[in-house]
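Enquirer: Input: one structure, supplied below.
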Amino acid sequence: MAASTGTLSQGKRFVLGLQHAAAMFGATVLVPMQTGLHPSVALLTAGLGTLLFHVVTKGKVPVFLGSSFAFIAAIQLVGQREGLEYATGGIIAAGLVYMALAGLVYLFGVDRVRSFFPPIVAGPMIMVIGLTLADTAVGMASAHWGVALITLLAVVLTAVYARGFFKLLPIMTGIVVGFGAALAFGLVDWTAVQAADWFAVPPVMAPKFSLSAILAIAPIALVTMVEHIGDITTNGAVIGKDLIRDPGLHRTLIGDGLASALAGLLGGPANTTYSENTGVLAVTKNYDPSTLRIAACIAIVMAFIGKLGALLQSIPQPVMGGISIVLFGMITSVGIRQVVDNRVDLSDSRNLVIAAVVLVLGIGGAALPLHSGLQLSGMALSALVGIALNKLLPERAAAVSAGPVLTGDD
């Protein structure tokens, strides 16, 4: 039987929380480092967002919310075109989409809403996220392939051969090993770390809003909703509870949406449920949600350590490139797994058409002009077209079930 943190000493409770904070750390700070947002703000908003999520879900769901990888390409695009302030405005809109989806779940039920995202739609949508980011990963790695490959090797070896809790930290291991390699090649600039104070308030940033930024970012919530359902389902399976029913999918979606909206309001990346922390639950067999709240508080404290934020920003591009090759490829693999695990029949012309259109529109960067220079493009357009095709094209009687499987988050 799983132990409750209520039976443990304060020191052991803190260690359990620190373990969860370590599991989420690498991926959570990687997203802002990829997009130009500040990692300290990401830690702050991850911690605050997690606490807010626990309030909304009545403290019943042992979940940590960290930075979502699904939004990286859109944040980069909007940041280059209009500025990161507008990207965070789009993140707030994505949070509102989550809350609208929560309302639909509450009104029509989980199964009705989930029918819009069967594996033949969800799988290619997730593949698009990873494949769209492939150029970014290779571009960063090409700055110094030696360091990038050392980093990549460290991640791969840790993920495949490590045992116990250490197996949950391939990203952190890759960053540490890659940073060491970068030091050896003279690629690290310590100027910012030396100049930073030990205590520093995270540089929060007020959002700005434009319709073009909202159209580029907000519809991605349709993709991450599929991930959310998978993570909450898996989390419930690990702890032996049906979290979809109690506290309810509508509450978990509202919690995720409010956390993302709060992150956008403060200048952080969108939040999502983290399967890394679900893995820690499975390893430790301690399912008390208060452990995750301790981790959230640790993340908030870390956000105010100025030298930590400066150190994270000093990590050279090739290190992040080596990490990204694995992470973005894994996102693509998760999409493939959606199709394979659900035994989607790709000999069916209907399924082939849906997958083909979603992949080409998403990866090719297709754009649909709307009004006054506005356009719907990339992942958002491919997701909406895939959903529409799934509903419009006739489905064979022996078609695969619409329920999504575990997809992962970051």
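The values are calculated or read from the model by the stated rules, or taken from the named source; none is laboratory data. Everything quoted here is computed from the prediction, not taken from an experiment. Here Cβ is always computed from backbone atoms with ideal geometry, including for glycine, and neighbour counts include all displayed protein chains.
Enquirer: Looking only at residues that are among the charged types (D, E, K, R) and under 15 Å from the mean Cα position of the chain (by Cα) in region 216-266, which one is surrounded by the fewest Cβ atoms within 10 Å (Cβ to Cβ)? Lay out the reasoning, then the answer.
Expert: Let us first name the residues in region 216-266 that are among the charged types (D, E, K, R), namely 227, 231, 241-242, 245-246, 251, 256.
Filter again for under 15 Å from the mean Cα position of the chain (by Cα), leaving 227, 231, 256.
Working: Glu227: 28, Asp231: 25, Asp256: 34.
The extreme case among them is Asp231.
Enquirer: Tell me, which residue of region 283-301 that is among the aliphatic types (A, V, I, L, M) and under 20 Å from the mean Cα position of the chain (by Cα) is nearest to Gly59 (Cα to Cα)? Steps first, please.
Expert: Narrowing region 283-301 to residues among the aliphatic types (A, V, I, L, M): 283, 292, 294-296, 298-301.
Still in the running and under 20 Å from the mean Cα position of the chain (by Cα): 292, 295-296, 298-300.
On the way: Leu292: 10, Ala295: 14, Ala296: 13, Ile298: 18, Ala299: 18, Ile300: 19 Å.
This residue is Leu292.
Enquirer: Sticking with this one: For Thr136, state whether it is among the β-branched types (Val, Ile, Thr) and closer than 16 Å to Ile363 by Cα. Walk me through it before giving the result.
Expert: Details: among the β-branched types (Val, Ile, Thr): yes; closer than 16 Å to Ile363 by Cα: yes.
It is true that Thr136 is among the β-branched types (Val, Ile, Thr) and closer than 16 Å to Ile363 by Cα.
Enquirer: Determine if region 190-209 includes at least one residue that is basic (Lys, Arg), assigned to a helix (DSSP H, G or I) and in contact with a helix residue (DSSP H, G or I) (Cβ under 9 Å, 6 or more places away or on another chain). Even if it seems obvious, please write down each step before you answer.
Expert: Within region 190-209, the subset basic (Lys, Arg) is 208.
Among the residues that remain, those that are also assigned to a helix (DSSP H, G or I) are: none.
Checked region 190-209: no residue is basic (Lys, Arg), assigned to a helix (DSSP H, G or I) and in contact with a helix residue (DSSP H, G or I) (Cβ under 9 Å, 6 or more places away or on another chain).
Enquirer: Does Asp242 meet the test of being among the acidic types (Asp, Glu), out of contact with any Lys or Arg (no Cβ under 7 Å at 6 or more places or on another chain), modelled with pLDDT under 90 and not in a helix (DSSP H, G or I)?
Expert: yes
Enquirer: Right, here's the next one. Sort out which residues of region 111-157 are within 18 Å of Gln338 (Cβ to Cβ) and either surrounded by fewer than 18 Cβ atoms within 10 Å (Cβ to Cβ) or of a type in the set (Gly, Ala, Ser) (or both), and write them in order of number.
Expert: Asp111, Ser115, Ala122, Gly123, Gly130
Enquirer: So is Phe53 buried (at least 24 other Cβ atoms within 10 Å of the Cβ) and either on the phi < 0 side of the Ramachandran plot or touching a residue at least 12 places away in the same chain (Cβ under 8 Å) (or both) or not? If you could, list the steps in order and put the result at the bottom.
Expert: Details: buried (at least 24 other Cβ atoms within 10 Å of the Cβ): yes; either on the phi < 0 side of the Ramachandran plot or touching a residue at least 12 places away in the same chain (Cβ under 8 Å) (or both): yes.
Judged against the criteria, Phe53 is a match.
Enquirer: Identify the residue in region 291-318 that is small (Gly, Ala, Ser) and either touching a Ser or Thr at 6+ places or on another chain (Cβ under 6 Å) or part of a helix (DSSP H, G or I) (or both) and, among all such residues, is surrounded by the fewest Cβ atoms within 10 Å (Cβ to Cβ).
Expert: First, pick out the residues of region 291-318 that are small (Gly, Ala, Ser): 295-296, 299, 303, 306, 309-310, 314.
When the remaining residues are screened for being either touching a Ser or Thr at 6+ places or on another chain (Cβ under 6 Å) or part of a helix (DSSP H, G or I) (or both), the result is 295-296, 299, 303, 306, 309-310.
Working: Ala295: 27, Ala296: 25, Ala299: 29, Ala303: 25, Gly306: 18, Gly309: 26, Ala310: 20.
Top of the filtered list is Gly306.
Enquirer: Out of the residues in region 56-104 that are within 26 Å of Val238 (Cβ to Cβ) and among the basic types (Lys, Arg), state the one that is surrounded by the most Cβ atoms within 10 Å (Cβ to Cβ).
Expert: Only one residue tops the list, namely Lys60.
Enquirer: Just to check your reading of the model, which residue among Gly180, Gly236 is outside any loop (DSSP other than H, G, I, E, B), touching an Asp or Glu at 6+ places or on another chain (Cβ under 9 Å) and more than 24 Å from Phe71 (Cα to Cα)? Step through it out loud before you land on a result.
Expert: Values: Gly180 fails: touching an Asp or Glu at 6+ places or on another chain (Cβ under 9 Å).
The match here is Gly236.
Enquirer: Just checking, does region 341-352 include any residue being assigned to a helix (DSSP H, G or I), of a type in the set (Val, Ile, Thr) and either buried (at least 17 other Cβ atoms within 10 Å of the Cβ) or at pLDDT 90 or above (or both)?
Expert: Initial filter on region 341-352 (assigned to a helix (DSSP H, G or I)): 341, 349-352.
Next, only the ones that are of a type in the set (Val, Ile, Thr) stay: none.
No - not one qualifying residue is present in region 341-352.
Enquirer: Same structure, new question: I'd like the residue in region 66-106 that is within 25 Å of Asp135 (Cβ to Cβ) and among the aromatic types (Phe, Trp, Tyr) and, out of all such residues, is nearest to the chain's Cα centre (by Cα).
Expert: Looking at residues that are within 25 Å of Asp135 (Cβ to Cβ) and among the aromatic types (Phe, Trp, Tyr), I get Phe69.
Enquirer: Within the bounds of region 319-329, is there any residue that is surrounded by 24 or more Cβ atoms within 10 Å (Cβ to Cβ), more than 20 Å from the chain's Cα centre (by Cα) and within 29 Å of Gly49 (Cβ to Cβ)?
Expert: no
Enquirer: Identify the single condition in (1) within 26 Å of Leu30 (Cβ to Cβ); (2) in contact with an Asp or Glu (Cβ under 8 Å, 6 or more places away or on another chain) that Asn351 does not satisfy, given that it satisfies every other one.
Expert: (1)
Enquirer: To continue, here is another question. Only residues that are of a type in the set (Phe, Trp, Tyr) and part of a loop (DSSP other than H, G, I, E, B): list them for region 50-68, please.
Expert: Phe64
Enquirer: Hey, any hits in region 25-39 for a residue that's touching a residue at least 60 places away in the same chain (Cβ under 8 Å), buried (at least 21 other Cβ atoms within 10 Å of the Cβ), part of a loop (DSSP other than H, G, I, E, B) and under 17 Å from the mean Cα position of the chain (by Cα)? Quick ask: steps written out before the conclusion?
Expert: Quick first cut of region 25-39, residues touching a residue at least 60 places away in the same chain (Cβ under 8 Å) only: 25-35, 37-39.
Add one more test, that the residue is buried (at least 21 other Cβ atoms within 10 Å of the Cβ), and what stays is 25-35, 37-39.
Retained after the next criterion (residues that are part of a loop (DSSP other than H, G, I, E, B)): 37-38.
The next check asks that each one be under 17 Å from the mean Cα position of the chain (by Cα); those that pass are 37-38.
Yes, region 25-39 contains at least one residue that is touching a residue at least 60 places away in the same chain (Cβ under 8 Å), buried (at least 21 other Cβ atoms within 10 Å of the Cβ), part of a loop (DSSP other than H, G, I, E, B) and under 17 Å from the mean Cα position of the chain (by Cα).
Enquirer: Please determine, by comparing only the residues of region 375-410 that are hydrophobic (A, V, I, L, M, F, W, C), at pLDDT below 80 and buried (at least 16 other Cβ atoms within 10 Å of the Cβ), which one is farthest from Asn277 (Cα to Cα). First the steps, then the outcome.
Expert: Within region 375-410, the subset hydrophobic (A, V, I, L, M, F, W, C) is 376, 379-381, 383-385, 387-389, 392-393, 397-400, 402, 405-406.
Okay, now just the ones that are also at pLDDT below 80, so 376, 379-380, 397-400, 402, 405-406.
Checking the rest, the ones that are also buried (at least 16 other Cβ atoms within 10 Å of the Cβ) come to 376, 379-380, 400, 402, 405-406.
Values: Leu376: 34, Met379: 27, Ala380: 28, Val400: 30, Ala402: 27, Val405: 18, Leu406: 14 Å.
Among those that are hydrophobic (A, V, I, L, M, F, W, C), at pLDDT below 80 and buried (at least 16 other Cβ atoms within 10 Å of the Cβ), it is Leu376.
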